[in-house]
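Below: the structure, in structure tokens.
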Amino acid sequence: MSCSCGVDSAGAVKGCNNNGGCSTGGCNKMNVFDWLSNMDMPVVDKFEIVEVRFKGGRKEFFRNEHKFDLVTGEAVIVDVPSGHHMGYVSMQGELVRLQMQKKKVANDEKIRKIYRKATIKDLEKYDNVRKREMPTLYRTRQIIQEQKLGMKLSDIEYQADNTKATFYYSADQRVDFRELIKILASEFRVRIEMKQISLRQEAGRLGGIGSCGRELCCSTWLSEFKSVATSAARYQNLSLNPSKLSGQCGRLKCCLNYELETYMDALEDIPSVNRLKTKHGEARLQKTDIFRKIMWFGFDGDNNWHPLDTDRVKEVMALNEKGEFPETLTEDTIEIKALSGSLNSDLEKMDKKFQSKHKKKKNKNRRNKGAVNRNGNQQNTGNKEQGNRPQNQGNQPQGNKKRKGKRPNPQNQAQGANANTAEKNTQQGNKPQNKNKNRNRNRNKNRSGNKPQNASQGGGNNRGPKPNQSNREQ
């Protein structure tokens with residue numbers, strides 16, 4: 001399909017370069033796809049009436065009496081009541097016959113004819129005429145404000161021969177614009193025609209982008225405007241928010257009627273109910289999924305919603321009509337089964353588990369005590385080898401710190417330890433063993449052997465006695 005912006009003096013397509021808002025009113029407005037273009041149609045019996053599109057998507061039918069070889073999108077000069085005008089071919093052939101039957105247009109003498117194909121001179125003249133439209137629009141709006149008329153001027157269309165201008169306006173009430181026509185005729189020196197249009201037609205002429213991100217339906221393909229009611233939004237479970245339901249025209253969106261019949265068919269299987277009564281209380285309807293046939297109910301004071309299918313809702317409604325109330329929304333009665341085991345079986349299992357652990361700990365403690373008793377002598381000798389800690393250090397609390405003082409004398413510590421062991425052995429009635437004596441002698445020899453024998457060599461008298469002296473005392 002060729003562009004309706006025309007061609008330049010060299011014959012190339014100009015294009016408006018307005019990026020979505022066509023200044024000529026022809027790009028992508030009321031385009032028609034010729035689905036019979038690839039079929040071989042009879043040339044002799046070809047339908048002679050052609051559909052021509054003008055600014056703003058306005059379309060009319062004209063007769064091709066001279067059998068011009070026309071192409072869709074080509075500019076032609078047509079006959080109008082007060083001169084001639086230029087438009088673009090939008091559809092031809094058998095599709096025009098079907099379109100006329102749809103719009104109930106009779107094929108009679110009232111249909112005007114096509115003069116000729118537009119030439120380059122016609123295109124240049126029409127471009128110069130269209131340049132007057134915007135200045136005329138701004139000046140007319142100023143005049144309307146001065147006259148204090150309750151009307152909104154939306155668009156102006158000049159005729160190609162520059163003899164007539166059509167003013168499109170919208171108003172809520174009837175407007176007396178007789179004085180306005182006189183002022184406009186004297187101002188612009190053309191014949192004036194005032195045409196009132198609806199808000200939806202105004203949006204279709206101006207064009208725009210809808211909330212869906214696409215071009216407006218009324219400016220691209222929608223030609224018949226049907227009434228839209230708020231009930232269409234209720235049937236589709238839409239929020240009754242005027243800012244979301246209204247389009248750019250300020251009226252309800254036409255797309256609310258597109259899927260209304262599908263929703264009406266799906267609503268036949270969904271019961272009309274607002275509340276269901278159970279033994280726990282009344283459940284109110286919160287939401288309905290029409291196509292999945294699921295209804296959500298919620299109790300008063302509970303934020304949880306319970307989904308139910310339509311069959312279950314019908315069952316609960318039948319019970320409520322009989323005066324019966326189910327236990328819950330999902331079950332009519334709740335069966336209580338007798339427990340085979342004891343009620344506190346879980347607690348008993350936990351007790352057994354902890355008892356077994358306690359027994360294991362006791363056995364471990366007994367084993368450790370036995371090992372301590374067997375190795376008591378070895379632990380005592382270990383304390384002697386350290387030499388830096390006193391013998392009664394194990395009886396002190398762990399939290400207390402060691403007292404600061406002089407370092408204990410290893411000779412005195414060894415003598416005290418030997419005395420204690422001797423007293424224990426005498427109390428038990430046993431004589432001290434020779435093995436312990438030999439061990440103590442060897443240890444004292446090792447300790448005294450590493451130290452200086454004289455005070456002058458060691459640097460003091462507090463470092464311990466000589467090895468010969470310790471052996472005599474023992």
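Worth pointing out:
- A search for C-beta distances below 7 Å between a residue of the stretch 210-237 that is without any contact (Cβ under 8 Å) to a residue 24 or more places away in the chain and any residue that is surrounded by fewer than 12 Cβ atoms within 10 Å (Cβ to Cβ) and among the hydrophobic types (A, V, I, L, M, F, W, C), counting only pairs 6+ apart in sequence or on different chains, returns 230/240; 233/240.
- The sole residue among 213, 150, 208 that is small (Gly, Ala, Ser) and surrounded by 15 or more Cβ atoms within 10 Å (Cβ to Cβ) is 208.
- Scan of the stretch 268-321 for residues that are closer than 22 Å to residue 234 by Cβ and touching a Gly at 6+ places or on another chain (Cβ under 7 Å), ordered by number: 283, 284, 286, 305
- So residue 156, is it hydrophobic (A, V, I, L, M, F, W, C), out of contact with any helix residue (DSSP H, G or I) (no Cβ under 6 Å at 6 or more places or on another chain) and over 30 Å from residue 289 (Cα atoms): no
- In the stretch 53-83, residue farthest from residue 116 (Cα to Cα) [restricted to those that are of a type in the set (Gly, Ala, Ser) and surrounded by fewer than 21 Cβ atoms within 10 Å (Cβ to Cβ)]: 82
Yes/no per residue for (1) in contact (Cβ under 8 Å) with a residue 60 or more places away in the chain; (2) not in a strand (DSSP E or B):
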residue	(1), (2)
47	no, yes
50	yes, no
72	yes, yes
79	no, no
88	yes, no
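- Selected residue [exposed (fewer than 15 other Cβ atoms within 10 Å of the Cβ), within 30 Å of residue 53 (Cα to Cα) and not hydrophobic (A, V, I, L, M, F, W, C)] from 272, 243, 223: 223
- Taking the conditions (1) among the hydrophobic types (A, V, I, L, M, F, W, C); (2) in contact with a Leu (Cβ under 6 Å, 6 or more places away or on another chain); (3) not in a helix (DSSP H, G or I) in turn, residue 222 satisfies each one other than (2).
- When 239, 243 are screened for being part of a loop (DSSP other than H, G, I, E, B) and modelled with pLDDT under 90, only 239 passes.
- Within the stretch 193-220, considering residues that are of a type in the set (Val, Ile, Thr) and closer than 18 Å to residue 54 by Cα, the one modelled with the lowest pLDDT: 220
- Condition met for residue 267 (under 26 Å from the mean Cα position of the chain (by Cα) and modelled with pLDDT of 90 or more): no
- Checked against (1) among the hydrophobic types (A, V, I, L, M, F, W, C); (2) free of Cβ contacts under 8 Å to residues at least 40 places away in the same chain; (3) touching a strand residue (DSSP E or B) at 6+ places or on another chain (Cβ under 9 Å), residue 184 meets all criteria but (2).
- Boolean, residue 308 is modelled with pLDDT of 90 or more and of a type in the set (A, V, I, L, M, F, W, C): yes
- If you check 179, 124 for being farther than 23 Å from residue 201 by Cα, touching a helix residue (DSSP H, G or I) at 6+ places or on another chain (Cβ under 8 Å) and of a type in the set (D, E, K, R), only one passes: 179.
- Test result for residue 172, surrounded by fewer than 14 Cβ atoms within 10 Å (Cβ to Cβ) and in the same structural domain as residue 138 (by TED's automatic domain parsing): yes
The values are calculated or read from the model by the stated rules, or taken from the named source; none is laboratory data. Just so you know, these numbers come straight off a predicted model, no measurement behind them. Glycine gets a Cβ as well: all are built from the backbone with ideal geometry, and neighbour counts include every protein chain shown.
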